[in-house]
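Below is one structure; the comments refer to it alone.
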Number of protein chains: 2
Amino acid sequence: MHDYRTDNITPLSQRRDRCQGCGLRNICFGILHHAPEADMLERLICRRGPLPAGTVLFEAGEPLERLCVIRVGAARRERAERCEDDNQRVIGFSLPGEVMGLDALYEQRHPTNAVLLQNSYVCELPFQSLQGLAAQVPQLWHQLLRLSGDAVHQNKRTRLAMSQQSAEGRLAHGLLDLAHRMARRGMSAETIDLPMPRQELGNQLGLAPNTTSRAFRYLGEQGWIMADGRQIRLLDVPALADLANWSEPTPTVRSA
Amino acid sequence: MHDYRTDNITPLSQRRDRCQGCGLRNICFGILHHAPEADMLERLICRRGPLPAGTVLFEAGEPLERLCVIRVGAARRERAERCEDDNQRVIGFSLPGEVMGLDALYEQRHPTNAVLLQNSYVCELPFQSLQGLAAQVPQLWHQLLRLSGDAVHQNKRTRLAMSQQSAEGRLAHGLLDLAHRMARRGMSAETIDLPMPRQELGNQLGLAPNTTSRAFRYLGEQGWIMADGRQIRLLDVPALADLANWSEPTPTVRSA
DNA sequence: CGTACTATTGATGTAGATCAACAAAGGTGG
DNA sequence: CCACCTTTGTTGATCTACATCAATAGTACG
């Protein structure tokens, strides 16, 4: 594993395809689309890729220097300490378009590792520069706070599901969560391409590998989902939502 | 249950005891202590109390109008929908000094109810006004983002504990979490006065009432804690931390 | 063609939910 | 003051969901 920071940097001068699948739209969620400040933000962003699976974006304890958004790919967030059981470390996953690094603000250093699950393209944004820009565009602060606040809420809900649901319910919750988050970014909510092995998904849901397998089988047998390898099709979202005690607009319903 | 907004409002003109156990210090965490802007923030804050236990501070779906900080007391956060099992609704607890409402930013409306567990004193801060002040003191945005980001991380950790730990481990985690959060606000980390019934704490940890009781007994028998009613003394924090797979500075170690 | 890694399936044991009874504490009204 | 009820906590007995152990494929990759 080598330091990825030195390779695959696309010089800014060569890339002016703003908002074209890059992190800009994701970070700003449309706020700056047509503002002149969008250009300024654009200039602060640094794109990197392709980076191979396994690349460490940042490690726990590292000082927060930049926010990071995956353009294409996915990452796993994990605790720093090696546990006896190596599988008990996954804290969560980061999908394309989701801002990574906000949870580092409290201590000014990253609380977890971030490791790429697939070959990925990422955007980076020095936090210092962002602060500078935000001083001129206060809405940017508001936007970051929105994203962060949402993450709080989502995590609370998932925590509730984890502590109280059956294995099948957890899996349903996990799948709906992924679909929900992908739908937000304009990706298909019906067909999920799991960026991680099934077992790792199960593990993050607190399930043993074989329990995960059985839960997948169960959902398939009920006709709620169609699973083919890592391709998961959600056939009956309402049923899944019911099973998972999901209590918000289901993934197919786009939120504003 | 009546609308609490109309009673027990202390006119601002009568209260100039700034930073004296009020939410100001809590929200600003010392940032504005000596700045002239502290006065401005001070003027925006509205204190209320005493409010009786059971008071609904806000309900899910309500638009976000103000942030709220408990000065004395505690609150329970719960889902809006009535489940078959009424106990499966607790999302979390809010302790004195913790900002409530940031999770409402994404949708601009509160995702959960907030109900007082005890007779409490609270501070309120209209979000509009806060935005105005933050425009002049950008550090305030940063501070809010810090708090929110920290909440994200804490919730992720708890989620991990919930999904993978034994009953005793969960309880240990829950107690350490409370102690940790109280210690941050300068309260004792050794002796916890549970603001909620034990069973409700257990419930939030995904434990049945009788399992909660047994877990308490176990921790007591090991000599890790001394429990007398709602008074819990943490006798062996390292042991608890080990059991809970706690992986951060233990409550007695004050973080900067 | 072997060595990982990932997934499936069966057999077994156990942690904890559930059911049920009871005890202690706090409130309320007579 | 005491009878009464509600809330909260404890303890035992049973039952089940899931972890665990173990074996076997299927795939990918060197």
(request) Send over a whole-number figure in Å² for the accessible area per residue of segment A:167-244, probe 1.4 Å. (result) 42 Å²
(message) I need the trypsin sites (Lys or Arg not before Pro) found in segment B:82-168, filtered to DSSP loop residues with at most 12 other beta carbons within 10 Å of theirs.
(response) B:ARG82
(request) List the residues of segment B:141-171 that lose 50 Å² or more of accessible area once all protein chains are present, compared with their chain alone (1.4 Å probe, heavy atoms only, no ligands or nucleic acids). (result) B:TRP141, B:HIS142, B:LEU145, B:ARG146, B:VAL152, B:HIS153, B:ASN155, B:LYS156, B:ARG159, B:LEU160, B:SER163, B:GLN164
(message) At a cut-off of 40 Å², which residues of segment B:90-121 become less accessible once all protein chains are present than in their chain alone, using a 1.4 Å probe?
(response) B:ILE91, B:ASP103, B:LEU105, B:TYR106
(request) Find the sum over both chains of the accessible area lost when B and A are paired, probe 1.4 Å, and report it in Å² to the nearest 100. (result) 4800 Å²
(message) Only sites in a loop by DSSP and with at most 14 other Cβ atoms within 10 Å count here; which GluC sites (Glu not before Pro) in segment A:41-113 make the cut?
(response) A:GLU59, A:GLU81, A:GLU84
(message) Using the basic label-point model (7 angstrom from Cα toward the beta carbon), what is the A:GLN136 to B:ASN210 distance in nanometres?
(response) 6.7 nm
(request) Restrict the search to segment A:193-230; then list the trypsin sites (Lys or Arg not before Pro) that DSSP places in a loop and that have at most 15 other Cβ atoms within 10 Å of their Cβ. (result) A:ARG230
(message) At 1.4 Å probe size, with the rest of the protein present, what percent of the exposed accessible area of segment B:166-243 is carbon and sulfur atoms?
(response) 46 percent
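The values are calculated or read from the model by the stated rules, or taken from the named source; none is laboratory data. This is a predicted model, so every value here is computed, not measured. Cβ: placed from backbone, ideal geometry, glycine included. Neighbour counts: every protein chain shown. Quick note on the areas: whole protein, heavy atoms, side chains included, nothing else; ligands and nucleic acids left out. Shrake-Rupley method; radii C 1.70, N 1.55, O 1.52, S 1.80 Å.
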